[in-house]
Amino acid sequence: MQTILGANGQIAMELARELRRNYTGDVRLVSRNPRKVNDTDQLVAADLLDAGRTAEAVRGSRIVYFTAGLPPDTQLWERQFPAMLQNALAAARAAGASFVYFDNTYMYPQDDRLQTEDTPFAPVGRKGRVRAAMASMVLAEMARGEIPVAIGRAPEFYGPGKTQSFTNALVIDKFKNGKRPLVPVRDDTRRTLIWTPDASRGLAAIGNAPDAFGQTWHLPCSDNRPTYREFVGMAGQAFGKEASYKVLSQWMLSAAGIFSRQVREIRELLPRYGQDNLFVSTKFKQRFPEFAVTDYRQGLELIRREWAAG
């Protein structure tokens, strides 16, 4: 049994598809209100803040994936995320299950250095500190050695379905709704974006490779890192729409935070959009050389087809 904790997000749904497609017919989806992705999925309703229910949901699992997400609310993150992760780790330990943690890059320095698995944590802002503390919790469990533990880390997403990211919200969804795309901070810095199905396929590959445990892995991304100017151009070509856009300066976004809680919640991430974002996934590609990374034009074409299919 392979179990996904936090099973309603885009990463979890793509992970469930990949596990069923290539690894196992025994997939368990756990969340407060789980929904089937595959016909054969086993559903378990559990609040990950409840240690007992989390332990029950994990019992009998061979591999546990933590893909839980929360709305971009700093106080909610501080109050709930570490507790959810602690309960998940304890449940996996009690079940004797391997544990795969899906992570992001909020704890990395917001500069243009090459980001590898050895990049030191230097979080900026409260959300970054929460993610640094969570990653450190998983690394401590890895060092304890009682169960196999691995970390799969991803940069910003773009992708199909309900993918949630700056790029989807400001560029892709704007195109879809016939509006002018918006670019955060600068249009000439290079971005590393991961196609959400690739992130999920990569996570499944790690979880099903015994030698991948005891390590952190950067999930697979294209080595072509477009600027937002280039990305909007590719998107316009894919969607058959004019590729004009507006750059939202950091000053404009900071000022907007006076009136919008949603904007206030993302302000700590804005400095990274003023720098090249150079996320390196060479280690994964060397270990899994058969893995086919989706390039940006392929991904945008797949989104176009999804829209056309309705």
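The values are calculated or read from the model by the stated rules, or taken from the named source; none is laboratory data. Here the structure is a predicted model, which means the values were calculated and not measured. A quick note on method: Cβ atoms are made from the backbone with ideal geometry, for glycine too, and the neighbour counts reach across all protein chains shown.
Figures for the structure shown
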quantity: Residue that is surrounded by the fewest Cβ atoms within 10 Å (Cβ to Cβ), among those in segment 8-57 that are more than 21 Å from Ala90 (Cβ to Cβ) and small (Gly, Ala, Ser); calculated: Gly25
quantity: Qualifying residue in segment 270-289 (condition: hydrophobic (A, V, I, L, M, F, W, C), at pLDDT below 95 and either outside the structural domain of Val124 (by TED's automatic domain parsing) or assigned to a helix (DSSP H, G or I) (or both)); calculated: yes
quantity: In segment 46-104, the residues that are outside any helix (DSSP H, G or I) and of a type in the set (A, V, I, L, M, F, W, C); calculated: Ala46, Leu48, Leu49, Ile63, Val64, Phe66, Ala68, Leu70, Ala97, Phe99, Val100, Phe102
quantity: Residue within segment 237-253 that is exposed (fewer than 14 other Cβ atoms within 10 Å of the Cβ), in contact with a strand residue (DSSP E or B) (Cβ under 6 Å, 6 or more places away or on another chain) and modelled with pLDDT under 95 present; calculated: yes
quantity: Helices (runs of 4 or more DSSP H) contained in segment 132-247 and holding at least 2 residues of a type in the set (Lys, Arg); calculated: 173-176
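Residues are listed down the side, and each one gets a yes or a no for (1) assigned by TED's automatic domain parsing to the domain that holds Ser244; (2) over 16 Å from the mean Cα position of the chain (by Cα); (3) outside any helix (DSSP H, G or I); (4) hydrophobic (A, V, I, L, M, F, W, C):
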site	(1), (2), (3), (4)
Tyr108	no, no, yes, no
Thr119	no, yes, yes, no
Ala122	no, yes, yes, yes
Val130	no, no, no, yes
